[in-house]
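J.: Please see the structure below; I have some questions.
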Amino acid sequence: MCELYSKQDTLALRGKHIGPSCKVFFAADPIKIVRAQRQYMFDEKGQQYLDCINNVAHVGHCHPEVVRAALTQMEMLNTNSRFLHDNIVEYAKRLSATLPEKLSVCYFTNSGSEANDLALRLARQFRGHQDVITLDHAYHGHLSSLIEISPYKFRKGKDVKKEFVHVAPTPDTYRGKYREDHADPASAYADEVRKIIEAAHNRGRKIAAFIAESMQSCGGQIIPPAGYFQKVAEYVHRAGGVFIADEVQVGFGRVGKYFWSFQVHGEDFVPDIVTMGKPMGNGHPMACVVTTKEIAEAFSNSGMEYFNTYGGNPVSCAVGLAVLDIIEHEDLQSNASRVGNYLMELLHKQKAKHTLIGDIRGIGLFIGIDLVKDHEERTPATAEAQHIIYKMKGKRVLLSADGPHRNVLKIKPPMCFTKDDAKFMVDQLDETLTGLTVAPAGLQILILLPKSSKCWDYRCAPHLVVLEEAMGAQTERMISENSPCKTKMPEEAHVELLSGSTTDSTENPSRKRNGPCPNKHALFSKRLKT
């Protein structure tokens, strides 16, 4: 394995040259990944991690057929997409064949953010309307046009909701406005969209689009109730708008039975525009917008030419074709169903065993574990979720937590994930949950810290009780809610309780490399000069 810098130097250079808002996974103790293969990632020490979150490496990290396809085409040609080439039309034909018949016109881009931005342009041009309805806690990309319609982002910053943006409740039947005990949650949530449309019309505004992930990821692994999308599409079409299905994170067979997640909602539901990205190129920057001829023609009639220099370039399309081939030849959709069902079975057994698990929801290899402090109140167990992902990292399993309260463990592994992987992951989760329980409010909290640690204020997690020797040391302190404490969290504690918190790396500062690296001095000098 070749490294240019030690981990400590990499962290230092990142702090100096990379924007401070560009966060890394496990900020309190980041991992330096130097290579990956299939569903495994390896750090600079050669330690193997089971990747349960990297939905970008859709068919597996560094899949040899994807690598070969890119190399072969790169050796021959890669150029501006405005030259005539067979790869782009062959890929468009293959991609369209996976979709309902009316979705047949493709626009290629380089990222899911670009795709969603273009989808908004298509929708607004279609009938000249401007307003967009989005779901609460939604995230659709990092462009300015998409931050405006992403409550997941704009509600965390100083940006205010724009007048043309309307936010509908997330169709969450576990902790949302209408829950599983409601007689018809799909209609109830859809009626919220209808009311938004009526209110907008009363103010003289017109709806261009409703946009939603087919299954909401950042919002907490939310699967809309059956019938919701059909009813929403009816209301939106009646208002002259279009339905945009964002499949950037959940497409390409992740749900198993279907190639696209929106197909879970039934054959009678077909969106007007579908956006896709991430898994499309298995890590290669590739994305697409697919729509109807009617919408495409309206976009063309605007008189503005659309082109994307590298969107759909020969190399990207060669990679995309390889991904489609692998999904088919390795029967990854069936694998997603088979392994996903097995994983859900294992997790439901854990739910019966551990009170911290409030809900388990998922389809195929898209699963969420909603952690709660109290089953009746469904109080989000945010601090516990952060503790768990760090403990799991220590057990060489990579998980992440998201949702409005960051209490939902997300499972979205590469599609080559196996039953053995699922069993290993759940066994490690079981061990971790066994070391946790939830204390009644107001109870004194027992926290196990390394003997070398100084006092740290755990009052920000008043419900977290670590029952085992989490850090491999004897009990050091008992901290009550009124204990004065001014010292910082010990670096050794693998609990990220403060959002955006970071600590310095405790890695050995040695700059020794783990393997031969040709022209190390030249590379080092070159990097310092750029």
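The values are calculated or read from the model by the stated rules, or taken from the named source; none is laboratory data. Predicted model, so just to flag it, every value in this text is computed and none were measured. Neighbour counts run over all protein chains shown; Cβ positions are idealised from the backbone, glycine included. Only protein heavy atoms, including side chains, enter the accessible area calculation; ligands, DNA and RNA are left aside. Shrake-Rupley method; radii C 1.70, N 1.55, O 1.52, S 1.80 Å.
J.: For the range 24-78, name all the residues that are polar (S, T, N, Q) and at pLDDT 95 or above. If you could, list the steps in order and put the result at the bottom.
T.: First, the residues of the range 24-78 that are polar (S, T, N, Q): 37, 39, 47-48, 54-55, 72-73, 78.
Result: 37, 39, 47, 48, 72, 73, 78.
J.: Please go through the range 362-389 and give me each residue that is at negative phi and surrounded by fewer than 20 Cβ atoms within 10 Å (Cβ to Cβ), ordered by number.
T.: 374, 375, 376, 377, 379
J.: Just one of the numbered conditions (1) in contact with a helix residue (DSSP H, G or I) (Cβ under 6 Å, 6 or more places away or on another chain); (2) at pLDDT 95 or above is not true of residue 368; which one?
T.: (1)
J.: Quick check on the range 253-286: of everything there that is touching a strand residue (DSSP E or B) at 6+ places or on another chain (Cβ under 8 Å) and either without any contact (Cβ under 8 Å) to a residue 12 or more places away in the chain or of a type in the set (S, T, N, Q) (or both), which residue is surrounded by the fewest Cβ atoms within 10 Å (Cβ to Cβ)?
T.: So, considering only residues that are touching a strand residue (DSSP E or B) at 6+ places or on another chain (Cβ under 8 Å) and either without any contact (Cβ under 8 Å) to a residue 12 or more places away in the chain or of a type in the set (S, T, N, Q) (or both), the one surrounded by the fewest Cβ atoms within 10 Å (Cβ to Cβ) is 261.
J.: Now, a different point. Out of 163, 180, 148, 198, which single residue is open to solvent by 10 Å² or more (accessible area, probe 1.4 Å) and either modelled with pLDDT of 95 or more or touching a Leu at 6+ places or on another chain (Cβ under 9 Å) (or both)? Quick ask: steps written out before the conclusion?
T.: On the way: 163 fails: either modelled with pLDDT of 95 or more or touching a Leu at 6+ places or on another chain (Cβ under 9 Å) (or both); 180 fails: either modelled with pLDDT of 95 or more or touching a Leu at 6+ places or on another chain (Cβ under 9 Å) (or both); 148 fails: either modelled with pLDDT of 95 or more or touching a Leu at 6+ places or on another chain (Cβ under 9 Å) (or both).
Going through 163, 180, 148, 198 in turn, just one is open to solvent by 10 Å² or more (accessible area, probe 1.4 Å) and either modelled with pLDDT of 95 or more or touching a Leu at 6+ places or on another chain (Cβ under 9 Å) (or both): 198.
J.: How many residues, within the range 328-347, are open to solvent by less than 10 Å² (accessible area, probe 1.4 Å) and over 20 Å from residue 410 (Cβ atoms)? Talk me through it step by step, then tell me what you get.
T.: As a first pass, look at the range 328-347 and keep what is open to solvent by less than 10 Å² (accessible area, probe 1.4 Å): 332, 336, 339-340, 343, 347.
Okay, now just the ones that are also over 20 Å from residue 410 (Cβ atoms), so none.
Total satisfying the criteria: 0.
So that you can scan it fast, the table gives a plain yes or no per residue for (1) of a type in the set (A, V, I, L, M); (2) under 20 Å from residue 282 (Cα atoms); (3) open to solvent by 30 Å² or more (accessible area, probe 1.4 Å); (4) touching a residue at least 60 places away in the same chain (Cβ under 8 Å):
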{"residue": "73", "(1), (2), (3), (4)": "no, yes, no, yes"}
{"residue": "79", "(1), (2), (3), (4)": "no, no, yes, yes"}
{"residue": "82", "(1), (2), (3), (4)": "no, no, yes, yes"}
{"residue": "98", "(1), (2), (3), (4)": "no, yes, yes, yes"}
{"residue": "109", "(1), (2), (3), (4)": "no, yes, no, yes"}
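J.: Open to solvent by less than 30 Å² (accessible area, probe 1.4 Å) and under 23 Å from residue 162 (Cβ atoms): is that true of residue 132 in this structure?
T.: yes
J.: Pairs please, first residue from the range 222-235 and free of Cβ contacts under 8 Å to residues at least 40 places away in the same chain and surrounded by 23 or more Cβ atoms within 10 Å (Cβ to Cβ), second anywhere and in a helix (DSSP H, G or I) and among the hydroxyl-bearing types (Ser, Thr, Tyr), Cβ atoms under 9 Å, 6+ apart in sequence or on different chains.
T.: Going by the 9 Å Cβ cut-off, there are no qualifying pairs.
J.: I've got another one for you. Within the range 23-43, which residues are over 29 Å from residue 65 (Cα atoms) and open to solvent by 70 Å² or more (accessible area, probe 1.4 Å)?
T.: 23
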